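Reading through the structure tokens given below for one structure.
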Amino acid sequence: MSNKKISIAIDGYSSTGKSTMAKELARRLGYGYVDTGAMYRAVTLYAMRHGIIKDNMIDEPALLASLPSLTITFAPSADGRNETYLCGENVEQEIRTMEVSDHVSAVAAIGGVRRHLVKLQQDMGKAGGIVMDGRDIGTVVLPDAELKVFVTASAQVRAQRRYDELRAKGDTTATLEQVLANVTERDRIDTTRAESPLRRADDALLLDNSDMTREQQNRWLYEAAIQRIDDDHRD
Ligand code: DC
């Protein structure tokens, strides 16, 4: 196998389990991992905390003005999990709440927010040896990534997964119907926004994991990565 470290872009719909797969792949390959959704969530949390989002309205000029002062970083927890920090504060739990989920797509639809975060993500990815997951990684952030994967699953399956995940964390505030509504609404906003809408890159492999176990997905992804790394070596 080549020593050259490639870039891997994993995009797809929300709650397809792509972050979990991407993280596991990065661990197995010894690559870095960037959860770009966490960055949009951190910006959303900041806006909620500072009154920039109020009554479902976003004060865009105030949000754009605050971006340069925000630092968003990742660091492993004691048990090795990647956690998100906003201006030095661990916000990993808070950015996963339904409240943040309800506002994040609207924040991610703002062109100035996207341009700012895309630049940060490109800086994080420029050395290669990275697995990055999101919505526009293969199309905008890392268009030259050697491996691109687009992950999808039915909305019902994704809502059930998200619901189980929230329950496992002790969050019982949302019903399955509410989670399904959130998943469907986020799909709608993510695929129809004017700024880099969610779409499969022409050269992305498609993975529909509706009927796959976590182990099957991990194996599929690892094999796709090894194949690509081998091909890259032969080129
Ligand atoms: O993957 P996630 O559910 O944590 O993403 C949160 C939101 O951020 C989701 O509505 C889509 C948006 N997002 C995006 O627009 N571009 C990315 N690269 C990553 C996430």
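No value in this document is a laboratory result; all are computed from the given coordinates. Source: prediction; values computed, not measured. Note that each Cβ is placed from the backbone with ideal geometry, even for glycine, and that neighbours are counted across all protein chains shown.
A DSSP coil position with no more than 16 other Cβ atoms inside 10 Å describes the following GluC sites (Glu not before Pro) in region 96-196: 195.
Considering only 79, 202, 59, the mean-square fluctuation computed in a Gaussian network model of the chain, springs between alpha carbons under 10 angstrom, is largest for 79. Our helix-only sum for the chain, with -39,500 (n - 2.57) per DSSP H run of n ≥ 4 divided by its residues, gives a mean residue ellipticity at 222 nm of -15000 deg cm²/dmol.
Contact order for the chain, expressed relative to its length and based on alpha carbon pairs under 8 Å spaced 6+ residues apart, stands at 34 percent. Among 83, 215, the order by Cβ neighbours within 10 angstrom, fewest to most, reads 215, 83.
Expressed as cubic angstrom per residue, what is the convex hull volume of the alpha carbon set of region 182-235?
109
What you get for region 1-90, charging only the Cβ of Lys and Arg (+1) and of Asp and Glu (-1), is a dipole of about 460 debye around the Cα centre. Springs join every pair of Cα atoms under 10 Å in this Gaussian network model of the chain, and among 132, 21, 124 the largest mean-square fluctuation is at 124.
Note that region 1-66 shows a convex hull volume over its alpha carbon atoms of 130 Å³ per residue. Pairs of C-alpha atoms in region 1-113 farther apart than 16 Å represent 63 percent of all such pairs.
Across region 117-235 the C-alpha pair distances fall into 5 Å bins from zero in the proportions 2, 9, 15, 18, 19, 17, 12, 5, 2, 1, 0 percent. The relative contact order of region 59-118 comes to 24 percent, based on Cα pairs under 8 Å that sit 6 or more residues apart.
Mean projection of the alpha-carbon convex hull of the chain over all orientations, in nm²?
Result: 12.7 nm².
Spin-label point model (7 Å from Cα, Cβ direction): what's the residue 154 to residue 89 distance in nm? Distance between label points: 4.2 nm.
Of the residues 45, 222, 206, the one whose Cα sits farthest toward the positive end of the charge dipole of the chain, with +1 on the Cβ of Lys and Arg and -1 on the Cβ of Asp and Glu, is 222.
Taking the Cα centre of the chain as origin and assigning +1 to Lys and Arg Cβ atoms and -1 to Asp and Glu Cβ atoms, the resulting dipole is close to 180 debye. Counting neighbouring beta carbons within 10 Å and listing from fewest to most, the residues 184, 44, 175 come out as 175, 184, 44.
With one equal scatterer per alpha carbon and no solvent term, the Debye-computed log10 I(q)/I(0) for region 129-189 at 0.18, 0.26 1/Å reads -0.76, -1.01. Over region 62-196, the Kirkwood radius and the radius of gyration, each from Cα atoms, give a ratio Rg/Rh of 0.95. Global size of region 98-164: 14.3, 38 Å for Rg and Dmax (C-alpha atoms, Rg to one decimal, Dmax whole). Working note: Cα gyration tensor of region 58-114, eigenvalues times five, square-rooted, sorted largest first, giving semi-axes of 24, 14, 9 Å.
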